[in-house]
Amino acid sequence: MTRTDGQEERRRRLRELVTTKGFVRTSDLAAEFAVSVMTIHRDLDALQAQGWLRKVRGGASCLPSTQFHGSVGERMTTMTQTKQRLARAAAEELAPGQIVVIDDSTTCLGLTQHLPHHTPITVITNSLPVIAALAKKPGTALVALGGTYFPAYDAFMGPHTAQSMSAFRADVLFMSTTAVTAGRCYHMSPETVQVKQAMMAAAARRVLLVDHTKFANQGLYALAPLTDFDLLVVDDAAPAGEVRGLRERGVNVRVVPR
């Protein structure tokens with residue numbers, strides 16, 4: 001095993017430890033892997049930059065997002081049929097010639113299947129899977145937002161990504177959220193909130209796609225009230241009381257049947 005291979009394996013195991021335990025001490029990690037404390041600090045710096053954990057005094061803690069909604073691969077295999085229905089319904093908001101923003105959510109990734117029916121179209125995104133799905137597609141102009149790549153999200157995040165977004169103006173934004181609580185969107189990382197707020201500020205129309213599980217989730221960082229969106233697309237398993245309450249507050253809710 002090369003030095004690089006050993007480093008990658010150590011960091012992989014380190015991620016697993018942090019995710020399992022929630023918090024690990026730097027000194028314990030150095031003893032566990034038989035390396036110096038300085039080496040562990042470098043590992044934690046690298047993993048924090050990739051979005052896997054947070055360095056804290058004396059060690060590292062698991063990002064709530066890693067425990068909360070899993071990796072991108074795991075999320076792509078969760079609620080797939082429901083997400084497809086939501087994306088298909090949201091695609092009805094598309095029109096040829098539009099400038100469209102698609103966020104890094106696996107729910108909105110499904111929109112890429114419907115874009116060929118609405119070309120020519122311009123898509124702005126920070127999502128690597130969206131970029132891969134749309135690259136070289138006829139009739140689609142693709143704008144990829146730069147910034148720091150976060151493997152935990154398979155997307156570009158942080159202040160540089162938000163700054164890149166602020167240079168554009170779009171017709172419509174399609175995004176999802178980690179949790180909906182008391183009529184407000186929440187996420188588990190400040191980097192996500194920063195980028196999505198920039199996307200919202202740049203879009204003339206905002207469409208939020210939310211499957212029913214998000215109403216039972218909890219988030220740490222508030223993004224925006226649902227009244228800030230022009231349309232909320234939910235599946236028919238969403239709590240009826242929640243949907244009624246949102247409509248009473250003036251939220252335009254579309255319920256998508258099975």
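Extending 7 Å from the Cα toward the beta-carbon at both E8 and S36 defines two label points whose distance is 2.5 nm. Here the Karplus relation 6.51 cos²θ - 1.76 cosθ + 1.60, evaluated at θ = phi - 60°, turns the backbone of segment 14-22 into coupling constants of 4, 4, 4, 4, 5, 5, 6, 8, x Hz, with x for every Gly and Pro. Treating each Cα of segment 104-223 as an identical point scatterer and summing with the Debye formula, the log10 of I(q)/I(0) at q = 0.21 Å⁻¹ comes to -1.29.
Computed on segment 84-180, with alpha-carbon pairs under 8 angstrom and 6+ residues apart, the relative contact order is 31 percent. Phi angles of segment 33-40 translate, via the Karplus equation with coefficients 6.51, -1.76, 1.60 and θ = phi - 60°, into HN-Hα couplings of 9, 6, 10, 6, 4, 4, 4, 5 Hz per residue; Gly and Pro are given as x. Distance between the pseudo-spin-label points of N252 and S27 (7 Å out from Cα toward the beta carbon): 5.9 nm. Remark on T181: its backbone amide H falls under 5 Å from those of Y186, a criterion applied only to residues 5 or more positions apart or on other chains, H modelled at 1.01 Å from N. Calculate the length of the line joining the C-alpha centroid of segment 126-177 to that of segment 190-258, in whole Å. First find each Cα centre; the distance between them is then 20 Å. Principal axis extents of the Cα atoms in segment 96-160, from largest to smallest and rounded to whole angstrom, are 31, 21, 17. Which of L142, A179, V24 sits closest to the plus end of the dipole of the chain, meaning its Cα is farthest towards the positive end, when Lys and Arg get +1 and Asp and Glu get -1 on the C-beta? My answer, from the dipole projection, is V24. List the pairs from K55/K83; K55/K137; K136/K196; K137/K196; K137/K214 whose alpha-carbon separation is above 29 Å, in the order I gave them. Result: K55/K83; K55/K137; K137/K214 exceed 29 Å. Rounded to the nearest 500, the 222 nm mean residue ellipticity of the chain from helices alone is -11000 deg cm²/dmol, with -39,500 (n - 2.57) taken per DSSP H run of at least 4 residues. For the chain, the solvent-accessible area of protein heavy atoms averages 46 Å² per residue (probe radius 1.4 Å; ligands and nucleic acids excluded). Give the calculated FRET efficiency between A141 and A222 to the nearest 0.05, with a Förster radius of 30 Å applied to their Cβ-Cβ distance. Approximately 0.35, to the nearest 0.05.
Using a cutoff of 8 angstrom between alpha carbon atoms and counting only pairs six or more residues apart, the relative contact order for the chain works out to 15 percent. Counting only protein heavy atoms and a probe of 1.4 Å, the accessible surface of the chain is 50% carbon and sulfur.
Computed from backbone phi with θ = phi - 60° and the Karplus coefficients 6.51, -1.76 and 1.60, the 3J(HN,Hα) list for segment 134-143 is 9, 4, 6, 6, x, x, 10, 8, 10, 10 Hz; x is used for glycine and proline.
A cut-off under 9 angstrom between Cβ atoms defines the neighbours of L226, and their net charge, with Lys, Arg +1 and Asp, Glu -1, is +1. For Q48, the shell of other residues with beta-carbons less than 14 Å away shows a net charge of +3, using +1 for Lys and Arg and -1 for Asp and Glu. Computed from point charges on the beta carbon alone (+1 for Lys and Arg, -1 for Asp and Glu), the dipole magnitude for the chain about its Cα centre is near 140 Debye.
Using only the alpha-carbon atoms of the chain as identical scatterers, what base-10 log of I(q)/I(0) does the Debye formula give at q = 0.07, 0.08, 0.10, 0.16 Å⁻¹? Taken in order of the listed q values, log10 I(q)/I(0) reads -0.27, -0.35, -0.53, -1.15.
Rounded to the nearest 5, the antiparallel percentage of DSSP beta bridges internal to segment 129-236 is 55%. Taking amide H atoms as placed 1.01 Å from N in the peptide plane, the amide H of L145 lies under 5 Å from those of T125, N126, each 5 or more residues away in sequence or on another chain. With R₀ set to 30 Å, the beta-carbon distance separating A95 from A49 gives a calculated FRET efficiency near 0.15.
The values are calculated or read from the model by the stated rules, or taken from the named source; none is laboratory data. All values derive from a computational prediction rather than experimental measurement. All Cβ positions, glycine included, derive from the backbone under ideal geometry; neighbour counts span all protein chains shown. Quick note on the areas: whole protein, heavy atoms, side chains included, nothing else; ligands and nucleic acids left out. Shrake-Rupley method; radii C 1.70, N 1.55, O 1.52, S 1.80 Å.
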